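Here is the structure we will look at, set down as C-alpha cells.
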C-alpha cells in the first residue's frame, strides 16, 4: 500500500488558556509519512522562531532528499536513508537555530524540543530531543515510545523518585537536551515495527503535563475511529484542566501495511502504479 | 526562597534551618549540618538532598530510624508541611514554592546545560545546575485576567452528576451514569457518539456513522452540542433521556 493511503494523519495546535501566543510548531507530509512537532523556548517570539526553523528544516530537507531516493535505501555506511535523514536534519536545524541565536541579539539563547518520525517499510523511525513525546496505542496498551531528556526523567531512572511521585515534583520542565542551544546536539533515535491499527500520538508537554497518561489513552481508544475529534478532544482536556501551556498533537493511524517493494517486478509494478 | 526545616521538641521550637545546600546532614556528631545532641540520635542519622525546589529525605542506616508524618520510612520525597520524627524531636519541612499547577511563572521550560548525572548510592546530583534558557518568559507579564479566572474555575469544577436513561428497545429503563470524562454511546461501525463531561457541562459529539445523532428531534451535525436537563437523544434507533441527578 502507498504510504499516503496506509496512514491517516491529523494535527492540531492551540495556545492554551494562559499563554498569549503559540511557540509550538507542527507539520506533516502525508506523501512521505513524515511528522514533525517542536516546542520552542526563548524570550519574546524567539521560541516560535526556533520551533519554526526546526520544523521547516526537517520538512523541506527530508522532502527534497526523498524526491529521488527511498527511505529504506542504504547509504555508504550501511545505514538506512530514513534514519540518516532524520538525525542529520535535526543536527542541521540545531546549527541553523544556534547561528541565528548568535547573530541576532533578540534570539539569544532560543532553543526548541523536537519529536519527529518517518513511517516507511512497515516501520517508524523516531528522533527526539527534550521533552516532546511520542506515544503508541496498540490494542488496549497505551505507552510512551520516547523517554524525555529531562531532569525528572533522570531522577525517575536513577530510582530517586517514583513515577507516581513525579507528578508532585516542583522540578518539572527542566530539559537536559534541546535543539539550538549549543553548536552540537545529541538526537536520540529508535526504529520500531509498526502494526496495522496502531495509533501514534506526538505531543508537546502542554498535553502530558495537564492530562494524565491514562486519560490520554482512554480518549484515543474511544475516539480512534474519528481522529480529528480525538485531537480536538485531547486539546480540550488540556484546556479544561487549566491549559497552562501551548498544546499540540499529531495523530497517526496505521490503516494498512506499507512494506517497501523488494523484488524487481514489485519495483516495476510500483513504478507503473505511480 | 529556599525550603526550610523547623526543629522542635515537645511543641517548643528550637531552631530553623534553611535547606540551601545540595546535601544537608542530620546527626549527633558536630560535623552534621543539623546537630541533635541526644543519645537516641545516631552519629550520622539522616540526610536531605535538595535539587532545585525538591528535597529528598534519606535514612543513613540509623539505629532508631525515622518517621515522616507518623510512618516509619527509609527514603521520602518531602512535601510541604511534612513532619520528620527522630526520637522525641520533630523537624517540620516547609516549602512554600508554588506548585506547578498554581503558578504560571513556574512552568517555563528551562535547559540544564550540564546533564545531571546521579547515582542513587552516592547521593544524587553533583554538577551545578546551570539554568540557561527560559521558555515563555513573558507568560506572567501577559497573564490575562479573564483567562486566569477561567483557568482556575475550569481546573476546580466538575458539573453536577448526570445520567442517560434508555427509553426503548430491550434495554429500556437502564440508566447510564456519566462518571467518566468520556462515555461513548451507540454501535461501533454503525453509529457512535461520545458524551464529554466538561467543567461547564455535558456535550454530545458525533464520532462515526452515516447519520448524526439527534437531540430533541433535530440533528446535531458535526459540532459538539451541549446537553440540557431532560434532553431527548436518539442514535442508531435508540431513544435516551439525559438528565441531571439531584
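The values are calculated or read from the model by the stated rules, or taken from the named source; none is laboratory data. Because the structure is predicted, anything quoted here is derived from the model rather than measured. Note that we place each Cβ from the backbone using ideal geometry, even for glycine, and neighbour counts take in every protein chain shown.
Set side by side, the residues A:36, A:26, A:18 differ, and just one is in contact with a helix residue (DSSP H, G or I) (Cβ under 8 Å, 6 or more places away or on another chain) and part of a loop (DSSP other than H, G, I, E, B), which is A:18.
The single residue among B:70, B:27, B:11 that is farther than 30 Å from residue B:112 by Cβ, exposed (fewer than 13 other Cβ atoms within 10 Å of the Cβ) and touching a residue at least 12 places away in the same chain (Cβ under 8 Å) turns out to be B:70.
Restricted to the stretch A:162-179, and to residues there that are under 20 Å from residue A:94 (Cβ atoms) and more than 7 Å from chain B (Cβ to nearest Cβ), the residue that is surrounded by the fewest Cβ atoms within 10 Å (Cβ to Cβ) is A:177. Could you tell me whether residue A:86 is under 29 Å from residue A:231 (Cα atoms), in contact (Cβ under 8 Å) with a residue 12 or more places away in the chain, touching a helix residue (DSSP H, G or I) at 6+ places or on another chain (Cβ under 8 Å) and within 11 Å of chain B (Cβ to nearest Cβ)? When the stated conditions are applied, residue A:86 does not pass them. Screening B:57, B:52 for residues that are under 19 Å from residue A:160 (Cα atoms), within 14 Å of another protein chain (Cβ to nearest Cβ), within 26 Å of the chain's Cα centre (by Cα) and in contact (Cβ under 8 Å) with a residue 40 or more places away in the chain leaves exactly one candidate, B:52.
Would you tally the residues in the stretch A:50-71 being buried (at least 18 other Cβ atoms within 10 Å of the Cβ) and touching a strand residue (DSSP E or B) at 6+ places or on another chain (Cβ under 7 Å)? So the answer is 9. Residues in the stretch B:153-202 that are surrounded by fewer than 18 Cβ atoms within 10 Å (Cβ to Cβ), within 14 Å of another protein chain (Cβ to nearest Cβ) and either under 16 Å from residue A:229 (Cβ atoms) or more than 30 Å from the chain's Cα centre (by Cα) (or both): B:184, B:187, B:188, B:189, B:190. Take the stretch B:214-226 and flag every residue that is part of a loop (DSSP other than H, G, I, E, B) and either within 36 Å of the chain's Cα centre (by Cα) or within 9 Å of chain A (Cβ to nearest Cβ) (or both). Within the stretch B:214-226, B:220, B:222, B:223, B:224 meet the criteria.
Being surrounded by fewer than 16 Cβ atoms within 10 Å (Cβ to Cβ) and away from every other protein chain (no Cβ under 12 Å): is that true of residue B:86 here? No: the conditions fail for residue B:86. For the stretch A:72-83, the criterion of a residue being buried (at least 23 other Cβ atoms within 10 Å of the Cβ), away from chain B (no Cβ under 14 Å) and farther than 24 Å from residue A:246 by Cα is satisfied by at least one position.
Of all the residues in the stretch B:88-121, those that are at pLDDT 90 or above and over 30 Å from residue A:242 (Cα atoms) number 5. Would it be correct to say that residue A:231 is at pLDDT 95 or above and either under 20 Å from residue A:7 (Cα atoms) or surrounded by fewer than 17 Cβ atoms within 10 Å (Cβ to Cβ) (or both)? Judged against the criteria, residue A:231 is a match. For residue A:116, the conditions (1) under 14 Å from the mean Cα position of the chain (by Cα); (2) within 14 Å of chain B (Cβ to nearest Cβ); (3) over 25 Å from residue A:242 (Cα atoms); (4) buried (at least 23 other Cβ atoms within 10 Å of the Cβ) all hold with the exception of (2). Comparison of A:198, A:182 shows that the only residue that is surrounded by fewer than 24 Cβ atoms within 10 Å (Cβ to Cβ) and modelled with pLDDT under 95 is A:182.
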